[in-house]
Amino acid sequence: MESSVSRRGMLELTLVTTASVAEALASPARAQPELSEAQKITHADAKYQSKQNGQQRCEICLQFEPPDHCKIVQSPITPHGWCQYFAARENAH
């Protein structure tokens, strides 16, 4: 059984596919819902300390939200603090 696709049909299919891929790539990633303070990890469970651990400190962590919040550990935190969930942002110093 032979199936024939017109040149026009193939072009339309290519355009639709290209547009779909472009839209998917341009869409921002779905943001994770923000945790309430009650849902966040306690200071004790995170092994939080108010001083940095070597060069590791909250202010260069992916989870830090200035001036004194964290996305995953209960507030307040200090920018010069540290916890076991530290994850440096790219190009952090």
Going through segment 29-49 in order, the residues found to be of a type in the set (A, V, I, L, M, F, W, C), exposed (fewer than 10 other Cβ atoms within 10 Å of the Cβ) and more than 23 Å from Ala92 (Cα to Cα) are Ala38, Ala44
Scan segment 50-66 and report the pairs whose first residue is open to solvent by less than 70 Å² (accessible area, probe 1.4 Å) and whose second residue is assigned to a loop (DSSP other than H, G, I, E, B) and aliphatic (A, V, I, L, M), with Cβ atoms within less than 7 Å and a gap of 6+ or a chain change. Cys58/Ile77; Ile60/Ala92; Cys61/Ala87; Gln63/Ile72; Gln63/Ala87
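The values are calculated or read from the model by the stated rules, or taken from the named source; none is laboratory data. No experiment lies behind these values; they were computed from the predicted model shown. FYI the Cβ positions are ideal-geometry reconstructions off the backbone, even for glycines, and counts take in every protein chain you see. These area figures cover heavy atoms from the full protein model, side chains too; ligands, DNA and RNA do not enter into them. Shrake-Rupley method; radii C 1.70, N 1.55, O 1.52, S 1.80 Å.
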